[in-house]
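Notes for the one structure printed next.
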Amino acid sequence: MATSHKPIFVATHPRACSTAFERVFMTRQNTLDCVHEPFGDAFYFKKTETNKSLDGPERLSERYADDDAAREKSGFANTTYRDVIDQLEGRISNTKDNNKRVFIKDIIHYLFPPNGQPASIAPSLRTADAAKPGSGNAHVNGQGGGIGTPTTEPPNPTVIPTSLLRKFHFTFLIRHPRRAIPSYFRCTVPPLDKVTGFYHFLPSEAGYDELRRIFDFLRCEGIIGPRRAQEEEKARGPVNGHDDGAVSITVVDADDLLDKPAEVIETYCREVGIEYTPEMLRWDDEESRARAVGAFEKWNGFHDDAIGSTYLKPREHGVIVKSEEKEDAEWREKFGEEGQKVIRECVNANVDDYEYLKSFAIKGNEKG
């Protein structure tokens, strides 16, 4: 099967078991260079001042809006989207020299203005021509921009130029919101909030809407597809003027991953052009743990289970499907009446997007 050799980009949403998924590929140090959630640096922490070089703010998140100290403490208060892209391109260049491949896992809503606001290309990623006066209006990702600020790249829903998105081999990891949303809510309330630094729950960080929008955009542009994972590849010409290798539509559901990790990982590896070995599912040595601690330390409290894990094996039972009444009762007991209502509303708001993406999910080790 022909595959692209682009850097792999696992696009996901919070609490999708994505860090456990990432740990599988961190075992391949000789062939992969894993990058953990790089775009969150600019999304959460970039200062919002306007200056001549940027011509507008780049921080997109409403979190930390009134917490300058936290942004400075992060070490990323001056990080732009251009800085993140430059760092990735540097690593990509190094891996080519070492016959390796970059593997990125990131929360995809970091590339979007929150709450469905229209997106414009991040100021630091605009070309000199694009920044000339008269090339657009003064709208910058829901905030005021400078004179001549370009607007969008219709229909691109992100702040990253389409020309850069084309450089990645996109795949997707999802989890049912009935399991992901309560898990995320728990990270934003006592006692865990003091560890994570996330002191309130934001429904805008659920991430399903953004995942579906970029998924559809990448399909429309021919950046992924039209072949789905596990389908027989057929001879075809360029898609929308591009022929960048066979980037199949590859979606992994976390419940399938937890039920049949070997089969799902083997199928995923085949679709992205990585050699699968059973040893990828175990990382019980101290060197692997130290590497994980270093990679995940900037998001303290979110990845403790993944750091403490030593392998990925099939869970003893499949998904336990509960009635809404039982779920509500459990959430009410854990998070109180108001917490239960917030969780249920957020879950219900994201089910349709999840089920749409789920319809594309791979199924174990089925052959095309």
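The values are calculated or read from the model by the stated rules, or taken from the named source; none is laboratory data. Given the structure is predicted, the values throughout are model-derived calculations rather than measurements. No Cβ is skipped: glycine too gets one built from the backbone with ideal geometry, and neighbour counts run over all protein chains shown. Note: accessible area is taken over every heavy atom of the protein model, side chains too, but ligands, DNA and RNA are not part of it. Shrake-Rupley method; radii C 1.70, N 1.55, O 1.52, S 1.80 Å.
Scanning the stretch 4-37 for residues that are polar (S, T, N, Q), over 17 Å from LYS313 (Cβ atoms) and either open to solvent by less than 30 Å² (accessible area, probe 1.4 Å) or in contact with a Pro (Cβ under 6 Å, 6 or more places away or on another chain) (or both) turns up SER4, THR12, SER18.
VAL247 - would you say it is touching a strand residue (DSSP E or B) at 6+ places or on another chain (Cβ under 7 Å), at pLDDT below 95 and open to solvent by less than 70 Å² (accessible area, probe 1.4 Å)? Spelling it out, VAL247 is indeed touching a strand residue (DSSP E or B) at 6+ places or on another chain (Cβ under 7 Å), at pLDDT below 95 and open to solvent by less than 70 Å² (accessible area, probe 1.4 Å).
Number of residues in the stretch 316-368 that are under 14 Å from HIS176 (Cβ atoms), assigned to a loop (DSSP other than H, G, I, E, B) and open to solvent by 70 Å² or more (accessible area, probe 1.4 Å) equals 2. Only residues that are modelled with pLDDT of 85 or more, surrounded by 13 or more Cβ atoms within 10 Å (Cβ to Cβ) and in a loop (DSSP other than H, G, I, E, B) were counted across the stretch 59-107, and they come to 8. Regarding the stretch 22-30, can at least one residue be identified that is over 30 Å from GLY273 (Cα atoms) and at pLDDT 90 or above? There is no residue in the stretch 22-30 that is over 30 Å from GLY273 (Cα atoms) and at pLDDT 90 or above. Within the option set ALA295, ALA306, being open to solvent by 30 Å² or more (accessible area, probe 1.4 Å) and assigned to a helix (DSSP H, G or I) holds for one residue only, ALA295.
For the stretch 151-177, filtered to residues that are of a type in the set (S, T, N, Q) and in a loop (DSSP other than H, G, I, E, B), the residue that is nearest to LEU211 (Cα to Cα) is THR158.
The residue pairs whose first member lies in the stretch 168-185 and is farther than 15 Å from ALA361 by Cβ, whose second member is among the polar types (S, T, N, Q) and in a loop (DSSP other than H, G, I, E, B), and whose beta carbons are closer than 6 Å, counting only pairs six or more residues apart or on different chains, are HIS169/SER4.
Residue count for the stretch 179-228 under the criterion of being under 19 Å from the mean Cα position of the chain (by Cα), assigned to a helix (DSSP H, G or I) and modelled with pLDDT of 95 or more: the result is 22.
Restricting the search to the stretch 211-235, which residues are among the aliphatic types (A, V, I, L, M) and either farther than 21 Å from PRO161 by Cβ or open to solvent by 20 Å² or more (accessible area, probe 1.4 Å) (or both)? Of everything in the stretch 211-235, those that are among the aliphatic types (A, V, I, L, M) and either farther than 21 Å from PRO161 by Cβ or open to solvent by 20 Å² or more (accessible area, probe 1.4 Å) (or both) turn out to be ALA229, ALA235.
Selection of first residues in the stretch 199-210 that are open to solvent by 20 Å² or more (accessible area, probe 1.4 Å) and of second residues that are at pLDDT 95 or above and hydroxyl-bearing (Ser, Thr, Tyr), restricted to Cβ pairs under 7 Å at least 6 apart or on distinct chains, gives the following pairs, ordered by first then second residue: TYR199/THR188; HIS200/THR188; PHE201/THR188.
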